[in-house]
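Any read-out appearing in this document is the output of simple, stated calculations on the displayed coordinates, not a laboratory observation. As the structure is a prediction and not an experimental result, all values here were calculated from the model. Here the Cβ positions follow ideal geometry from the backbone for every residue, glycine too, while neighbour counts run over all protein chains shown.
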Amino acid sequence: MNLEAFHFIGPAIVLLAGAVLVLLADLATGRRACVRPLAMLTLAAAALYAATQAAADTGGQAFGGAIGVDRFTIYVALLLIVITAAVVVAGEPGLTRVAQRGEFYALLLASTASMMLLAQARDLVAIFVALETTSAVQYILVGLGRDARASEAGLKYLLTGAIAAAVLLYGFVLLFGIAGSTSLADISRAVAETGDETRLAVVVAFVLIAAGVGFKMAIVPFHAWVPDVYQGAATPVTVFLSAASKAAGFAIALRLFYTGLGGGDTPVSADWAKLFGVLAAVSMTLGNLAAIQQTDVKRLLGYSSIAQAGNIAVGLAAVATGSTLGPAAVLFFLGTYAATNLGAFIAVIAVGARVGSDELRDYAGLLRRSPGLAIVLVLCLLSLTGLPPTAGFLAKLYVFNSAVQGGEQWLVWLVVVAVFNTALSAYYYLRWARTILLDEPLDPAPFQPPAATNAVLTAAALGVLFFGIVPTPLIDAARSAAAALA
Amino acid sequence: MSLSVTLAHYLAVSGVVFGIGIAVALGKRNAIAVLMGVELMLNAANLALLAFSRFGAAFEAGDAPLAGHAFVVFVLTVAAAEAAVALAMAVLVYRHRETIELDRINLMRW
């Protein structure tokens, strides 16, 4: 083993070292003030490292092919770092019930590091270990704080997560049995050569694996934890789960299915494409129908994230072309969805810190109380709905286009369902927007969010608008990332 | 007639254990019992991994690459870490609610 190999996991090592430093600093000084800057510094260093890798066009494999670096892993790594940085910068007002600041920031960094490793893993063992590390850290994050709801949410997340992981592992075991190897490259070769006698085993394996990663992506029917966890966890943790964890879930799904299970060219991929098509249609429909009935905005955003996961999964189903249109659309969607969701949730943190509740009716007349906050939130809601000129519109357009280009009848029907669902989702997103813009405020006192919150909100709003009008940089990055998958 | 144990036997046992595990994990209403079910599922996977590894073509040929055996060690480690977090979380919930029956942990709707 040479030291060169460690260069490939450099950003993750930086984050883990930072996590340890944060814990030590918290222990040594006992002062809360120093941990947050330290976490920010760590993230900046990791981002710099990943950017250097991107600039040098680093590529290749290490650790016996278990870990790789390519444009896909760098895209995911940078996305994860940006999301975590936004949570660190603007999350503070939402942490009133979490006394353990050192633990919070250390776990956040450790979780980001393991998700980056997850995107880099090309071997079933590495994937399983990275996925479980990510999950275990997130269970603790959800349960942090002196709040009965948080610990309840943590336990629910943990129990469903543990079951999902065991199911996923059994799928991995079957793949190992079929291929005789844990490397995705070998599995891909073995799956391409499967005859009729092992076809059933392959199908069972990918159904089990889809269940396992479906839990991370939060698609129906593996979504039961989402509303409770989103509501119960401290809001910064919810932001992190909804943006980062979902991105990591889709990243590993792309890696497993496109690299490991035959890309667009085998009969197997036609099978799992249909599976994801069904899951996508069910997710968006049930997610939207449930979201309409919610009065707690965190639960509403929870169901909305299930519906959005359905939209993203349309891109996973659009494999049939054998092109990388689908994965590119998925990666683009994840980028824009992160900006949109960060904006919406950080606005929710700001309002929650001021009002002390997450009820929909407390958003009445927000425009008159805090105009900047209200405008950003409405913009994000428009983007979630998928209306131009926001990034959400283009993201949906790309995903649906990739499905239509797939050229199969059922994909066109899937898009019809998705468009119908967009209309359905407009009902509750725009109802929320109307409450903000038009209703009489219950408490007319104006308020101003903290400067750090304003900075992140501005950045999110600019991102939503910029990628809605000039999508080229992001879509190009997503395309080259998707090309690295095959 | 030989009575040797073949791959199919191991896989059958593994499948049955996995089935019992998932039935326990989804059926029991006590958090600890659910974890026991998960533990069964993981061990069923381990058993199948070892069997696939031992009866694999490479092992039979005498090359003996032990990828499956190595995988099992990782699974055991991860399962131990997960169990630690799970029990800590169960204690935390018990402090708040004095129960770990899932039916009664219902501050929020499931």
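Under 13 Å from the Cβ of A:TYR428, count the other residues' Cβ atoms, weight Lys and Arg +1, Asp and Glu -1, and hand me the total.
Values: positive: A:ARG299, A:ARG431, A:ARG434; negative: A:ASP296.
Its environment carries a net charge of +2.
Within segment B:1-109, the trypsin sites (Lys or Arg not before Pro) that combine a DSSP coil assignment with at most 12 other C-beta atoms in a 10 angstrom radius are B:ARG29, B:ARG109. If R0 equals 45 Å, the separation of the Cβ atoms of B:ALA33 and A:LEU48 corresponds to a calculated FRET efficiency of about 0.40. A dipole drawn for chain A from +1 and -1 charges on Cβ atoms has a positive end, and of A:VAL282, A:GLY392, A:LEU367 the residue lying farthest that way is A:LEU367.
Let a ≥ b ≥ c be the square roots of the eigenvalues of the Cα gyration tensor of segment B:7-97; is it rounded (a/c under 1.5), or, if not, prolate (a/b larger than b/c) or oblate? Show your work: numbers first, answer last.
Values: a/c = 7.55, a/b = 2.01, b/c = 3.75.
It is oblate, given that a/c is not under 1.5 and a/b is not larger than b/c.
Neighbours of A:THR73, meaning other residues whose beta-carbon lies under 11 angstrom from its beta-carbon, give a summed charge of +2 when Lys and Arg score +1 and Asp and Glu score -1. Spin-label model, B:ALA61/A:LEU462: points 7 Å from Cα along the beta carbon direction are separated by 5.8 nm.
Taking the Cα centre of the protein assembly as shown as origin and charging only Cβ (+1 Lys, Arg; -1 Asp, Glu), how large is the dipole, in debye to the nearest 20?
Values: 33 positive and 33 negative charges, 272 e Å.
The calculation lands at about 1300 debye.
Which value in deg cm²/dmol, rounded to the nearest 500, describes the helix-derived mean residue ellipticity at 222 nm for chain A, given -39,500 (n - 2.57) per DSSP H run of n ≥ 4 and division by the residue count? Please report the intermediate quantities before stating the final value.
Values: 21 runs with 364 residues, N = 486.
So the calculated ellipticity at 222 nm is -25000 deg cm²/dmol.
Treating r as the C-beta distance of B:LEU107 and A:ILE13 and R0 as 35 Å, the FRET efficiency rounds to 0.35.
Determine the gain in length on full extension of the stretch A:ALA55-A:LEU430; use 0.36 nm per residue of separation and subtract their C-alpha separation, reporting nm with one decimal.
Working: separation 375, 0.36 × 375 = 135.00 nm, distance 4.13 nm.
Going from the current span to full extension adds 130.9 nm.
Using R₀ = 35 Å, calculate the FRET efficiency as 1/(1 + (r/R₀)^6) where r is the Cβ-Cβ separation of A:THR295 and A:VAL20; round to 0.05.
0.25
Listed by chain and number, the lysines whose alpha-carbon sits under 28 Å from that of A:LYS274, ignoring those within fewer than 8 places in the same chain, are A:LYS216, A:LYS246, A:LYS396. Relative to the longest principal axis of chain B, what angle (0 to 90°, nearest 10) does the C-alpha long axis of helix B:67-97 take? The angle comes out at about 10 degrees. Extending 7 Å from the Cα toward the beta-carbon at both A:LEU3 and A:THR96 defines two label points whose distance is 5.0 nm. When the charge dipole of segment A:1-131 is built from unit charges on Cβ atoms (+1 for Lys and Arg, -1 for Asp and Glu) and taken about the Cα centre, the candidate among A:ALA39, A:ALA99, A:LEU3 whose Cα reaches farthest toward its positive end is A:ALA99.
Along chain A, the exposed loop sites are trypsin sites (Lys or Arg not before Pro) outside DSSP states H, G, I, E and B with at most 16 other Cβ atoms within 10 Å, and the longest stretch free of them is A:147-486.
At 20 °C and 1.002 mPa s, grab the translational diffusion coefficient of the protein assembly as shown from Stokes-Einstein with a Kirkwood Rh over Cα pairs, rounded to a whole number in µm² per second. If you can, show how the numbers build up before the last one.
Values: Rh = 24.2 Å.
In µm²/s, the coefficient rounds to 89.
What average number of partner chain Cβ atoms lie no more than 10 Å from the Cβ of the residues making up B:5-14? List each step's numbers first, then the result.
Values: counts 0, 0, 1, 0, 0, 0, 3, 0, 0, 2.
Whole-number average of other-chain Cβ neighbours for B:5-14 is 1.
Taken along the Cα-to-beta-carbon direction at a fixed 7 Å, the label points for A:THR29 and A:SER357 span 3.8 nm.
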